[in-house]
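Encoded as structure tokens, the structure appears first; notes follow it.
The values are calculated or read from the model by the stated rules, or taken from the named source; none is laboratory data. All values reported here derive from a predicted model rather than from experimental measurement. Cβ placement follows ideal geometry from the backbone for every residue including glycine, while neighbour counts extend to all protein chains displayed. These accessible areas exclude ligands, DNA and RNA; they are computed on the full protein's heavy atoms, side chains included. Shrake-Rupley method; radii C 1.70, N 1.55, O 1.52, S 1.80 Å.
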Amino acid sequence: MSDPEGKPSVHSTSDRPDDHSTTVDKAEEFLADQPPIGQIDPQVEKRLLWKIDLVLMPLMCVTFGLQYYDKQVLSSASIFGVLKDMDLTRTYGNPPVTSTVRYSTATAAFYWGYMAATLPMTWILQKFPLGRTLAIMVLLWGMIVLTTISIHSYPAIVTQRVFLGAIESSVSPGFVLLTSAWYKKSEQPIRLGFWYSATGLFSIFSGVVNYGLGKAAEGSSLATWKAMYIFAGTWTVLWGLILLFFLPDNPMTARFLTIEERRIAVERLRSNMTGIENKEFKVYQFMEGLCDIKLYLFLLMGAALYITNGGLTAFGAIIVKSFGYSSLQTILLLTPGGATTVVSIWITSFIASRFKNTTTLLLPLSCLPVLAGAITLWKYDWSHRGPLLVGYYLLGIFGAPYVLLLSISTANVAGYTKKALSSGFIFIGYNVGNIVAPYLVNTTERAIHFRTTWISIIVAMVFSIICSLLLRAIMQMENVKRDRDTAPTSNQSTEQAEKAEHRGGFQGDSHQTAEEGRLAFKDLTDGENSAFRYSL
């Protein structure tokens, strides 16, 4: 768009088609009732950020860790009798061969429910208070986990896990929305990495706990796998009650902040230009998202990255036990894999936060150790267990590129409805990968070292590398185009320089103009707002 003097500018709300809703972000409504905030003291902002971290990060980290632990329990239970008790294996042929297709189906059933509920759940998370909705979902999922101990048949466990997946589909998209509602773009990678790294932390924790439960249940009338599920379900229900009281919905209503702190928490996010919260479902944003190639690349990368999960989570215990370890030894040996996940996520998240426009390059680099691990497991001599364990532990690094993918999404999609759709696309991909992954682990291939599994992971990592570089090229070209379209002419340069003196009146970014700051909470999409620049 150009003004009457021919100067290019960003789109304003008046530029939008007549059928576009003019409902602004909740942040805009909140600030309209507050006095101007003026200059934000960097030290005040730093203290506020620390206060926000102290509340949100522990709550999100434990919740996400519990979600991982819930999925990990089935893997651990697979070597403690659950396959027999729930009729999850079949033996065929002569000599007899044991098929675990039923176990694969029970594992995949969780993700059927998750995928079916992902888009409806994103609508629910947009429509209702985010913090309270997530807390209720955690309570429900804990109750469903507890019902596992009463299940003794294949159809029943498949059905139960479909419902469990549907409820748990709220957590990851909800946490992505929470992160984008509380943190600047530069702060998001390390926060996403922190709560997502709980998968690795709880992998270590679950190994130790499940080992203890296994030892304690020896000789007990209660099956070991039932003790694991009782522990997981009870803790999840109790944690859901804690979330109900302490997890905030947004910065505008957070009870742990003063009114002044709420104003600063909101004002400092103007530079994101992605908004904080809008309860109106906007059809035009939904349709724009459906036509945005970035979202389809997010989906494909999410699916490809989570192909690795079949060999790591669902069948991890079975694969490591096949190296020649006992059940209890296997549980302990799974724990270092969690450490590689945590360390890799923290390192890549830190680099992405400190160095601008590196995320789409870090993602392919972080796929390389996973490639190395899969190649080691495929080609190395299985009579030497040490290198096999190292190869297995390298697979856990796949969490790092996935966190970077989440970071790319939160930073580069604007408009609340479109953000929710983007989150849904990523987690649809996540589910596709998780559904396919267990079927790529064929226990009848033990003699040839699960070759199909490792080849699948290699192909998936290469595909993710290509998609990340393609995504970078697409966003970079769009940034160049927008810079060219909005570049001032030579006789406007003085005026632009004068305007730069007033940049910083909106405190998220010292390079943000007053016009850009004014539009920050208008709930414009990244496609509508030509002042929006993609983070690479």
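Listed values, structure above:
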| read-out | value |
| --- | --- |
| Residues that are open to solvent by 70 Å² or more (accessible area, probe 1.4 Å) and under 18 Å from L164 (Cβ atoms), drawn from the range 121-137 | I136 |
| Those residues of the range 138-160 which are open to solvent by 10 Å² or more (accessible area, probe 1.4 Å), over 28 Å from M252 (Cα atoms) and not in a loop (DSSP other than H, G, I, E, B), in sequence order | M143, I144, L146, T147, I149, S150, Y154, P155, A156, V158, T159, Q160 |
| Residue ranges of helices (runs of 4 or more DSSP H) in the range 32-137 with at least 2 members in contact with a Cys (Cβ under 7 Å, 6 or more places away or on another chain) | none |
| Filter result (modelled with pLDDT under 80 and open to solvent by less than 20 Å² (accessible area, probe 1.4 Å)) within the range 82-109 | T100 |
| Residues located in the range 223-247, provided they are under 17 Å from T133 (Cα atoms), open to solvent by 10 Å² or more (accessible area, probe 1.4 Å) and either hydroxyl-bearing (S, T, Y) or not in a helix (DSSP H, G or I) (or both) | L247 |
| V370 buried (at least 24 other Cβ atoms within 10 Å of the Cβ), touching a residue at least 12 places away in the same chain (Cβ under 8 Å), part of a helix (DSSP H, G or I) and among the aliphatic types (A, V, I, L, M) | yes |
| Test: residue in the range 443-450 that is open to solvent by 20 Å² or more (accessible area, probe 1.4 Å) and at positive phi | yes |
| Test: F175 is of a type in the set (F, W, Y), open to solvent by less than 10 Å² (accessible area, probe 1.4 Å), farther than 18 Å from G233 by Cα and assigned to a helix (DSSP H, G or I) | yes |
| The range 340-367, residues that are of a type in the set (A, V, I, L, M, F, W, C) and open to solvent by 40 Å² or more (accessible area, probe 1.4 Å) | V343, W346, I347, F350, I351, F355, L361, L365 |
| Total residues in the range 182-216, condition under 15 Å from the mean Cα position of the chain (by Cα) and either open to solvent by less than 10 Å² (accessible area, probe 1.4 Å) or within 30 Å of R263 (Cα to Cα) (or both) | 12 |
| Filter result for the condition that a residue is part of a helix (DSSP H, G or I) and in contact with a strand residue (DSSP E or B) (Cβ under 9 Å, 6 or more places away or on another chain), over T453, T444 | T444 |
| Yes/no for T417 being touching a helix residue (DSSP H, G or I) at 6+ places or on another chain (Cβ under 8 Å), assigned to a helix (DSSP H, G or I) and either buried (at least 24 other Cβ atoms within 10 Å of the Cβ) or modelled with pLDDT under 90 (or both) | yes |
| Leading residue by the ranking (surrounded by the fewest Cβ atoms within 10 Å (Cβ to Cβ)) among those in the range 268-282 that are modelled with pLDDT of 75 or more and part of a loop (DSSP other than H, G, I, E, B) | F281 |
| Of all residues making up the range 83-108, the number that are free of Cβ contacts under 8 Å to residues at least 12 places away in the same chain and among the small types (G, A, S) | 1 |
| Inter-residue pairs, beta-carbon under 9 Å, first over 20 Å from Y534 (Cα atoms) and in the range 282-305, second among the aromatic types (F, W, Y) and buried (at least 23 other Cβ atoms within 10 Å of the Cβ), 6+ apart | K282/Y416; A303/Y430; L305/F398; L305/Y402; L305/Y430 |
| Single match in L406, L394 (criterion: free of Cβ contacts under 8 Å to residues at least 60 places away in the same chain, closer than 17 Å to L305 by Cβ and buried (at least 22 other Cβ atoms within 10 Å of the Cβ)) | L394 |
| Qualifying residue in the range 345-366 (condition: hydrophobic (A, V, I, L, M, F, W, C), in contact with a Leu (Cβ under 6 Å, 6 or more places away or on another chain) and assigned to a loop (DSSP other than H, G, I, E, B)) | no |
